[in-house]
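Nothing in this text is a laboratory measurement; each read-out follows from the coordinates by a stated rule. These figures come from a predicted structure and were not determined experimentally. Here the Cβ positions follow ideal geometry from the backbone for every residue, glycine too, while neighbour counts run over all protein chains shown.
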2 protein chains.
Amino acid sequence: MRMSKLPIKTLKEAPADEVSANAQLLIRAGFIHKELAGAYCYLPLGLMVLENIKGIVREEMNALGAHELIMTTLQRPELWSKTDRWDEKQVDIWFKTKLQNGNDLGLAWSHEEPIADMMKSFVNSYRDLPAYVYQFQTKLRNELRAKSGVMRGREFVMKDMYSLSVDDESHQKFYEAAKQAYMKVFARVGLGGSTFETFASGGAFTQFSHEFQTVTASGEDVIFLDEQKKIAVNEEVLTDEVLGQLGLDRDNLKKTNAAEVGNIFSFGTSKSEQLGLVFTDENDNQHPVVLGSYGIGITRLAGVIAEHLGDERGLVWPEAVAPYKYHLIVVSSEAQAKADEVYKQLSDAGLGVLYDDRDKRAGEKFADADLMGMPIRLVVGSKTPEGQVEYKPRSSEQAEAKSVQDLIK
Amino acid sequence: MRMSKLPIKTLKEAPADEVSANAQLLIRAGFIHKELAGAYCYLPLGLMVLENIKGIVREEMNALGAHELIMTTLQRPELWSKTDRWDEKQVDIWFKTKLQNGNDLGLAWSHEEPIADMMKSFVNSYRDLPAYVYQFQTKLRNELRAKSGVMRGREFVMKDMYSLSVDDESHQKFYEAAKQAYMKVFARVGLGGSTFETFASGGAFTQFSHEFQTVTASGEDVIFLDEQKKIAVNEEVLTDEVLGQLGLDRDNLKKTNAAEVGNIFSFGTSKSEQLGLVFTDENDNQHPVVLGSYGIGITRLAGVIAEHLGDERGLVWPEAVAPYKYHLIVVSSEAQAKADEVYKQLSDAGLGVLYDDRDKRAGEKFADADLMGMPIRLVVGSKTPEGQVEYKPRSSEQAEAKSVQDLIK
């Protein structure tokens, strides 16, 4: 991509009312635009980051045997009334609206009830189970405050997966497989070393739910981490009894801020009973389906990566989520033809290159490259030998000469 | 994809309250689920159709030099007040909601105002223009009635593109290129022969806007088509003066029902003036940007294809939008190993195969294949010679023997 053609530019400043570090960085780098507090547009490079994250999540969910679909934003109150979650005393982050005939509609903050209801059309017998479905969906949540940028929005993208199983045993098997898949996702997007399975309260059906928490200074959550065993507990379950069960010692736990990038939990059969999601077994006896729910915050992940891996100069994208692997800079007009050729060769080889071909000072281009955070900066100047580039990873201070042919290999 | 693994099944009946032919077909075939009147979930196969359509549209928009981004569903009233479109007397299909502090928010029925406002951050000088951006966005429209299935929803997916140009001449050049790109899209999704550029009223700035209308019995619009010249006029501009301008003869026009699958129009500088979207020219003089807007209804296209190309037995997907090219059926349990091998060979060769490996009667499988509408049905039975299949296009009654190797070539 030639930057001269890109309709979006880096900005000197984020809006004065933007207090979160992740949104300030992403806005200045031209990845997002603040529409209102807690709702951000994803500009071309920001959308590429989201699509890369979604691609990784999609692969891992498909590998679990799950199928992608997409539910609706408009929701029927009657479904949520059945589970006592329409009332704002129970769920305080609803956005609601009305049809022209005056009937209420909900705007999707979650999809458990609609998914369970929809699956009633397709699940009759034990032969129809297990079933695993997921979506990438825009969720709307009427948060009282929205000061954490894309880490907690009023409008955000979530991957939510649902498992329908015949019994606890088969449910538990999938639940464990999902845990493994989640750790793979966080490793692949570059947060592996700092993301930990975290025990949290489980609600009515199970003792625990499981969060995936990335240790980062700006995280809104507080967890207690055993760095050796690589598991953590949420404050709400930090009791001697739980620590005993998990084989953890209070003295080895480090209290730390963290951002919840995923969570998974079991509904057991409670929601299926409320909504009438049942199946018949081999003997024609009816049972409620065992339900599980598995979330990953896609836009939040982008924010955590931006804030956690970024530095004082700007963003630092891991290669797997970066819009482009290379940020190619031409630093003098005499070198333009040479740089054009490098751009062409790398692009023809299928490598992602953001090419700063703009008529700007070198210093400004270097600053933009640091701010935008592609993994590797390539520089071509008038003294660069033909077929060579100056090569510097974003996360390193060391530049070296490399041949274009080596990059293609 | 093995149908035995798919969590979704065909249904005997669509819901009793579903009156539209496209939604009835798509529901029975397991492509969509009706959440409420005018809002449909896209199940795995339905989502694949949407993604295939989006892929085609994306290629053609990118070829125009446009860049994909994504705006928000939540919108600020103040932007729409500036153009007098917040008031429900002006726009009668708003869904609105409120923040917890009582402030109003709009739910996106369109994005012209937010896009124009956002681009103020990036457009200062003539050097920043032209700029072309587009998105695939879920739009929410509070339609009084919603009886046309996915052809007119309260919630639907639209591709909307916006052009920002320095003057009328460069605007017009892009506008004409967009027209060509649109006709390519409709041809590629299988509606080429029945989709026509249609002159409609242009509003304050230009004499005409341009619709793209697919001639189909269930279309909600009425157009007057010159079948020879392959252009049409909308009823609202059917005057002798207009016909004279366009070189059309009233006697050669055929009145016909049609579905509007795309439309494009010029805003001139009116919206830019209202919203303050300006640029400075070479002499530092300020001008409002010339704006154009270009829509394609993605979910509507899926509905038009379903209804227009479908027949009494079910859906008939063109190959470019079909979830899978082949629908492979094994008709006896003895042939299972042979069919498994065909499935493996075709899949390994990268061909899309929906494999009906379910334990069902042959008649039921054939009926499902017709209902679901993959372009080509392949049958393997106990008498089918090794390495062979019975091959029948969905749109033909003639089956023939073919070798798997021929399909791979």
**Asked** Quick one: in region B:73-142, what % of C-alpha pairs are over 18 Å apart?
**Response** 45
**Request:** Using just the helices of chain B, give the 222 nm mean residue ellipticity in deg cm²/dmol: DSSP H runs with n ≥ 4 each add -39,500 (n - 2.57), and the total is spread over all residues, rounded to 500.
**Result:** -8500 deg cm²/dmol
**Message:** Please list, by residue number, every one of the GluC sites (Glu not before Pro) in region B:307-379 that is coil in DSSP and has at most 13 other beta-carbon atoms within 10 Å.
**Reply:** B:312
**Prompt:** So who's got an amide H within less than 5 Å of the one on residue A:208, skipping anything under 5 residues away but keeping other chains? H placed 1.01 Å off N, in plane.
**Reply:** A:202
**Prompt:** In peptide B:36-47, how many Cβ atoms from other protein chains are near each Cβ within 10 Å, on average?
**Reply:** 5
**Item:** HN-Hα J in Hz across region A:75-89 - Karplus 6.51, -1.76, 1.60, θ = phi - 60°, x for Gly and Pro
**Value:** 10, 8, x, 4, 5, 7, 5, 4, 10, 6, 10, 7, 4, 5, 6
**Mean-position separation - Cα centroids, region A:287-343 and region B:302-377, in angstrom** = 39
**Asked** Taking the protein assembly as shown as the region of interest, what is the percent of Cα-Cα pairs per 10 angstrom bin, listed from the shortest bin to the one with the maximum distance?
**Response** 2, 12, 20, 25, 21, 14, 5, 1, 0, 0
**Asked** Quick one: if the Förster radius is 41 Å, what FRET efficiency do residue A:172 and residue B:382 give, using the C-beta to C-beta distance and rounding to 0.05?
**Response** 0.50
**Request:** Over all alpha-carbon pairs in region B:326-408, figure out the percentage whose distance exceeds 17 Å.
**Result:** 38
**Asked** Looking at chain A, what % of its DSSP beta bridges pair antiparallel, to the nearest 5?
**Response** 80
**Asked** If you build the Cα gyration tensor of region A:250-409 and take the root of 5 times each eigenvalue, what three semi-axes come out, in whole angstrom, biggest first?
**Response** 51, 21, 13
**Message:** Under the rule a/c < 1.5 gives rounded, and otherwise a/b versus b/c splits prolate from oblate, where does region A:196-253 land using the Cα gyration tensor?
**Reply:** oblate
**Item:** Partners for residue B:271 among lysines (Cα-Cα distance below 17 Å; same-chain residues under 8 apart left out)
**Value:** B:82, B:120
**Complete:** In this structure, among A:365/A:392; A:54/A:409; A:9/A:365; A:159/A:254; B:89/B:255; A:54/A:159, pairs with alpha-carbon gaps over 20 Å are A:54/A:409; A:159/A:254; B:89/B:255
**Complete:** For region B:334-350, in residue order, the Karplus 3J(HN,Hα) values (coefficients 6.51, -1.76, 1.60; θ = phi - 60°; whole Hz; Gly and Pro = x) are 5, 8, 4, 5, 5, 5, 4, 5, 4, 4, 5, 4, 5, 5, 4, 7, x
**Message:** With the cut-off at 1.5 for a/c, could you classify chain B from its C-alpha gyration tensor as rounded, prolate or oblate?
**Reply:** prolate
**Prompt:** Between the DSSP loop rule and a limit of at most 13 other Cβ atoms within 10 Å, which GluC sites (Glu not before Pro) in region B:374-409 are left?
**Reply:** B:386, B:397
**Prompt:** In region B:204-281, with Lys and Arg counted as +1 and Asp and Glu as -1 at Cβ, which of these residues, B:239, B:267, B:218, has the Cα nearest the positive end of the dipole, that is, farthest along it?
**Reply:** B:218
**Asked** Roughly how many whole Å is it from the C-alpha centroid of region A:1-49 to that of region B:64-121?
**Response** 19
**Positive-pole candidate from B:384, B:352, B:201, dipole of chain B, charges at beta carbon** = B:384
**Complete:** Of the residues B:328, B:48, B:126, the Cα lying farthest along the dipole of chain B towards its positive end, which is defined by charges on the beta carbon of Lys, Arg, Asp and Glu, belongs to B:328
**Fill in**
Long-range amide H partners of residue B:227, meaning residues 5 or more apart or on another chain whose placed amide H is closer than 5 Å, are B:254
**Message:** Can you tell me what share of the DSSP beta bridges in region B:1-143 is antiparallel? A percent to the nearest 5 is fine.
**Reply:** 85
